[in-house]
Amino acid sequence: MIQFSNIASTYNEYMDSLYSYALHLGFDEQTAMDAIHDVFYKLCVHHSLNEINNLRSYLFRSLRNRLIDIKRTNKEDLLHTTQEGTQDTLPFQLSITIEDELIMEEDVEEIRQKVENVLSRLTDRQREIVYLRYIREQSYEEIAEIMQISVAACRNLISKSIARLKESSLTIALLLLVIK
């Protein structure tokens, strides 16, 4: 028998992820909550947290199995037959929620600000050459002609620009992706 304080903290820690998982599997909110409660009831009655090697995997697997059982008892035909035989599958729906969109927008804005900060460390000529080389994908010869410098000076300026960009905590790939 598990101590209820341990099960309560485990419930609080995993509840949101399990609930989200159940919703992505196509279940309504009430069924998702019922299944989660069934999993934790079973955990309280039949198992000890010490017996479980990977608690996170155990909870997700148990929830998935419980949801499959619920589908079976409701006689909803969501079981698919494969050539190898009958396999229990659930339609997994992955869509972006409004909350996910807001988080992504905040992340994008944060990354954009970091990139702008890094780019502000470059000189005007360095920003221009990075733009021409990596955004417009111009050759060294074309850049040298546009900027009216030699090809050797062009390569040198790009090298110095990249070295300065590498000093930041952001990867070059991320910088160039955001700039595009």
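The values are calculated or read from the model by the stated rules, or taken from the named source; none is laboratory data. A quick note: this is a predicted structure, and the numbers were derived from the prediction, not measured. All Cβ positions, even for glycine, are placed from backbone atoms using ideal geometry, and neighbour counts span all protein chains on display.
The helices (runs of 4 or more DSSP H) found entirely in region 90-180 include none that carry 3 or more residues being loosely packed, with under 10 Cβ neighbours inside 10 Å and modelled with pLDDT of 75 or more.
For region 114-155, a residue qualifies if it is farther than 20 Å from GLU167 by Cβ and among the polar types (S, T, N, Q), and the qualifying residues are GLN138, SER139, GLN148, SER150. Suppose we filter region 40-65 for residues that are surrounded by 16 or more Cβ atoms within 10 Å (Cβ to Cβ) and either within 26 Å of the chain's Cα centre (by Cα) or of a type in the set (Phe, Trp, Tyr) (or both); how many remain? So the count comes out to 7.
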